[in-house]
1. Suppose the filter is within 23 Å of the chain's Cα centre (by Cα) and touching a residue at least 12 places away in the same chain (Cβ under 8 Å); does residue 115 pass it?
2. Which ones in the stretch 60-82 are in contact with a helix residue (DSSP H, G or I) (Cβ under 6 Å, 6 or more places away or on another chain) and more than 15 Å from residue 108 (Cα to Cα)?
3. When you check residue 65 against the structure, is it farther than 15 Å from residue 123 by Cα and at pLDDT below 95, yes or no?
4. Within the stretch 44-81, can you find the residues that are in contact with a strand residue (DSSP E or B) (Cβ under 7 Å, 6 or more places away or on another chain), in contact (Cβ under 8 Å) with a residue 24 or more places away in the chain and assigned to a helix (DSSP H, G or I)?
5. Does residue 85 satisfy being modelled with pLDDT of 90 or more, in a loop (DSSP other than H, G, I, E, B) and either more than 29 Å from residue 131 (Cα to Cα) or in contact with a helix residue (DSSP H, G or I) (Cβ under 8 Å, 6 or more places away or on another chain) (or both)?
6. Please give the number of the condition residue 25 fails out of (1) assigned to a helix (DSSP H, G or I); (2) without any contact (Cβ under 8 Å) to a residue 24 or more places away in the chain; (3) surrounded by 10 or more Cβ atoms within 10 Å (Cβ to Cβ).
7. Within the stretch 84-103, how many residues are crowded, with 19+ Cβ neighbours inside 10 Å and more than 15 Å from residue 44 (Cα to Cα)?
8. I want to confirm something. Restricting to the stretch 104-132 and keeping residues that are touching a helix residue (DSSP H, G or I) at 6+ places or on another chain (Cβ under 6 Å) and part of a strand (DSSP E or B), which single residue is surrounded by the fewest Cβ atoms within 10 Å (Cβ to Cβ)?
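The values are calculated or read from the model by the stated rules, or taken from the named source; none is laboratory data. Owing to the predicted nature of the structure, the values given are computational and were not obtained by experimental measurement. Quick reminder, even Gly has a Cβ in these numbers, built from the backbone with ideal geometry, and neighbours come from all protein chains shown.
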């Protein structure tokens, strides 16, 4: 007599579960780090976009006497939508200098970027740090 058993034994099922748990333990931290790096890169790109917008505004002001620039050291958070950025993502955006255009930016913890800051950022050099 032959016996046809269909299905897996308990040991085989447990072995598969253990292997899947090991794979997840390895993959999840890597994915979490990837998401953090992506948010940091998006924040950095937004900072560069704001700087480019300010540079265009400086150029426009040099060609047209009717345009006033904010003073160095002033917080321009409320007007950064003119440069394509959402003011709701930032707690402060300060113009440090116009020659070259240098700004300091801090994002809100609940923004799409998370909590980041860029101090004395220029178009060629944006150093981003996590806000603890």
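1. In short, yes.
2. Hits for the stretch 60-82 are 67, 69, 81.
3. In short, yes.
4. 44, 47, 50, 51, 54, 55, 58, 80
5. yes
6. So the condition that residue 25 fails would be (3).
7. Of the residues in the stretch 84-103, 2 are crowded, with 19+ Cβ neighbours inside 10 Å and more than 15 Å from residue 44 (Cα to Cα).
8. 128
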